[in-house]
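**Student:** Pasting a structure here, questions to come.
The values are calculated or read from the model by the stated rules, or taken from the named source; none is laboratory data. The structure displayed is predicted, hence computed values, not measured ones. Because the Cβ atoms are built from the backbone with ideal geometry, glycine has one as well, and the counts that use them run over all protein chains shown. Only protein heavy atoms, including side chains, enter the accessible area calculation; ligands, DNA and RNA are left aside. Shrake-Rupley method; radii C 1.70, N 1.55, O 1.52, S 1.80 Å.
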Amino acid sequence: TVMKDRLQLAWNGVELLLKKAEDSLAGTPFQVPVGIVNTLIELYNAVSDNNDELKTQIVRTQERLSVMEHELAKTNDTDSKDLMKGFAEKLATKLSELDDISKKATWKKILQNEQDKSQLNSIFQYIDEQIKDFQLARHSYMYAKSLLTADAFDSVNKSLSNQMDDLLVVPWQKCVKSCSPDLPPYLIVIDALDEIEGKAGAEFLRKLLMTIQSGHLQGLKFLVTSRPDPELAKLCASFPPDSVCHLQDVSQEQADRDIMTYLHHALPVFQNKLELKELGRKANGLFIYASTAVKYISSGTPGEQQDQMRQLLDPTNDTKMSEVPDCFDPRTLIDKLYHQILSEAFVQVQKNHVEARLKLLHTILCTEERISTSVAAGLCNAINVRDMEERADDLIKKLHAVLYVKDDKVFWYHASFPDFIFAQGQSSKICLMDFNNSSSYIEDMSCDAASHHALLAQSCFDIMQRELQFNICNLPSSFFNDSQVPNLQTCIKEKISGVLQYACQHWAKHIMKAIPKEHKVILYKMEKFLENHVLFWIEVMNLLQLSKQCHIMLQQVIECIMKAREF
């Protein structure tokens, strides 16, 4: 039959892959069962009269395998060797699982068992996803190779136009020449464009559009997301109507379907259970609610996930509808979820320890760049910095649904979380237990950003007062250029702590954002700094290759203080 021929063609791609990877697989447990292609054909014959999800999945997988054969036929054995080995191992494992199922009974009988049928569908879904990942990884490898060959990384210090050409257009055009024309275009997602400072987001989008219109990025598609921004909105007004999607225009039904698809994929423990539908109902079309709920639920064992789900769906955690204004407003929904996450993160914390943890949280959210927990602890001016760092680490673990660590720095998943903390609304107040006298009390989790910036400015001066010193790196002579000093970067890391680096770079920005009534205290510390440590500060900024910022920072602070005095 036609399908048999297609399956045989698809299997040619599998055999080609396994042949290329056979040296890597030799002597490993990843052996492909003999005659598996016949097993595949028999399975398809068994489902050929159905129009269900399994048949659709098998056909889709077959089509991807056929495309893969075309790709692999052009691949040099030395190219992407690790990629092929990894994919071959995963494919062999799943085909062995498929072979094991086929030995239970006839396919007709096996397909009558919903559990077996569900397992089969999962196997083909997994293979399908791995094929896509393999193709993208190879493509990425080729692009990366072109990028390295071009060797134009100094473009990061050039104009946006040069960066676009040197780092995207030129290497992509070299890469695309060796790609299969049958492959679908690759989608590049550019998220949160509005979070770039000033008008740089709109400038980037404008340049990207010009590059796309020039025809130099064939084979790529772009999905750009942003919160409402005047400059971006003005630029998007020139787009065709079908090129722009406003979140508020997406129908509730479509949003609900998308959220349920996401929940089914993200929470397999609750497949086909009523709890999943209830969670989708609570999300009420708000994806950030569903995404945060998944992070909240999915950490831990299946049993712990069940407990987290029950806790989240517990109606006693919800205020009665009649008492909540705009209870279906997206802000209210996500605020209630953040309220619950914070409540559980602080519920076991002793009352006398809550303030320190809140200070850590507010510091992480107010700093001018993403920082490590050790820098956060240092900025809190604690006597025992190590203990404060351990508390920060524990806090991040408890707030895993909203915060995460990457490259030793703390990030938040969504801008709505700091928005919630800085809003200072009623929803940020949580009820906690004082274990010393078995009584409850209300704690406000919100942060007055201007006041906290004042605290951070003072902390920066305290840190510089303690740690700055003459010739901080013990350089042998001032007559040598930095480039002539051996192992200078290693010495900088050893002698200039992370928290001192932060304080030296950002004290001025915290002053500018501080509440004016705190300027008197800050000015006293600043005068001491200028009297005793300003030259040591300039030395550190020079070692960090930021000496040009010194004049700018001082000028900005003077203007800020003079402006504040006018009021």
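**Student:** Kirkwood hydrodynamic radius of segment 392-543 from all distinct Cα pairs, in Å?
**Tutor:** Computed over Cα pairs of segment 392-543, the Kirkwood hydrodynamic radius comes out at 18.7 Å.
**Student:** Another question about this same structure. Roughly what % of Cα-Cα distances in segment 460-546 sit above 22 Å, to the whole percent?
**Tutor:** 30
**Student:** Kirkwood Rh over alpha-carbon pairs of segment 333-437, then Stokes-Einstein at 10 °C and 1.306 mPa s: what D in µm² s⁻¹, rounded to an integer?
**Tutor:** D = 112 µm²/s.
**Student:** Roughly what percent of Cα-Cα pairs across segment 382-441 reach past 17 Å?
**Tutor:** 61
**Student:** Given 20 °C and 1.002 mPa s, compute D for segment 449-488 with the Stokes-Einstein relation, Rh being the Kirkwood radius over Cα pairs; round to the nearest whole µm²/s.
**Tutor:** Answer from the Stokes-Einstein relation: 168 µm²/s.
**Student:** Run through segment 481-532 and list the GluC sites (Glu not before Pro) located in a DSSP loop whose Cβ has at most 15 other Cβ atoms within 10 Å.
**Tutor:** Listed in order of number, the matching sites amount to none.
**Student:** Additional query: Based on a Kirkwood Rh over C-alpha pairs, give the Stokes-Einstein translational diffusion coefficient of segment 506-567 at 10 °C and viscosity 1.306 mPa s in µm²/s.
**Tutor:** The calculation lands on 129 µm²/s.
**Student:** Measure out, as a whole number of angstrom, how far apart the alpha-carbon centroids of segment 257-309 and segment 499-542 sit.
**Tutor:** So the two Cα centres are separated by 47 Å.
**Student:** If the chain between residue 550 and residue 409 were fully stretched, how many nm would it gain, using 0.36 nm times the residue separation less the Cα-Cα distance?
**Tutor:** Answer, rounded to one decimal: 48.2 nm.
**Student:** If you count only protein heavy atoms and use a 1.4 Å probe, how large is the accessible surface of residue 431, to the nearest 10 Å²?
**Tutor:** 80
**Student:** Now for a separate question. Identify the residues of segment 514-541 with backbone N under 11 Å of a label point that sits 7 angstrom from the Cα of residue 561 along the Cα-to-Cβ direction, or state none.
**Tutor:** Of the residues in segment 514-541, 519-531 have backbone N under 11 Å from the label point off residue 561.
**Student:** Now, a different point. Heavy atoms only, 1.4 Å probe, whole protein assembly: order 160, 365 by accessible area, highest first.
**Tutor:** Highest to lowest solvent-accessible surface, that is 160, 365.
**Student:** Nearest 0.05, what FRET efficiency do residue 310 and residue 245 give at R0 = 45 Å with Cβ-Cβ as r?
**Tutor:** Efficiency at R0 = 45 Å is approximately 0.80.
**Student:** Per residue, what volume in Å³ does the convex hull of the Cα atoms of segment 255-302 enclose?
**Tutor:** Once divided by residue count, the hull of segment 255-302 is 59 Å³.
**Student:** Report Rg/Rh for segment 191-285, rounded to two decimals, where Rg is the Cα radius of gyration and Rh the Kirkwood radius.
**Tutor:** Reported Rg/Rh, Kirkwood definition of Rh: 1.11.
**Student:** Moving to a separate point now. Would you kindly find the accessible area of residue 292, with a 1.4 Å probe and non-protein molecules such as ligands, DNA and RNA excluded, rounding to the nearest 10 Å²?
**Tutor:** 10
**Student:** Once you place label points 7 Å from the Cα toward the Cβ at residue 209 and residue 433, how far apart are they in nm?
**Tutor:** Between residue 209 and residue 433, the simple spin-label model gives 5.7 nm.
**Student:** For segment 156-314, how big is the tail of P(r) above 26 Å, as a whole percent of Cα pairs?
**Tutor:** Pairs farther apart than 26 Å: 49 percent.
**Student:** How much of residue 106 can a 1.4 Å solvent probe reach, expressed as accessible area in Å² and rounded to 10?
**Tutor:** Here the residue's solvent-accessible area equals roughly 90 Å².
**Student:** Given a Förster radius of 60 Å and the C-beta distance between residue 353 and residue 233 as r, what FRET efficiency does 1/(1 + (r/R0)^6) yield to the nearest 0.05?
**Tutor:** With R0 = 60 Å, the Cβ-Cβ based efficiency is 0.85.
**Student:** If you don't mind, another one. Ignoring ligands, DNA and RNA, what percent of the 1.4 Å accessible area of segment 496-567 is carbon and sulfur?
**Tutor:** Within segment 496-567, the accessible surface is 57 percent carbon and sulfur.
**Student:** Still on this structure: FRET efficiency for residue 491 and residue 301, Cβ-Cβ distance as r, R0 = 45 Å, nearest 0.05?
**Tutor:** 0.45
**Student:** Using the Karplus curve 6.51 cos²θ - 1.76 cosθ + 1.60 with θ = phi - 60°, what ³J(HN,Hα) values do you get for each residue of segment 242-247, in whole Hz, with x for Gly and Pro?
**Tutor:** Those phi angles translate into 7, 9, 10, 10, 8, 4 Hz.
**Student:** Scan segment 342-444 for GluC sites (Glu not before Pro) in coil per DSSP, keeping those whose Cβ has at most 12 other Cβ atoms within 10 Å, and list them by number.
**Tutor:** 369
**Student:** Follow-up. Do you know the Lys pair count in segment 462-567 for C-alpha distances under 20 Å, with sequence separation 8 or more or different chains?
**Tutor:** Summing the qualifying lysine pairs gives 14.
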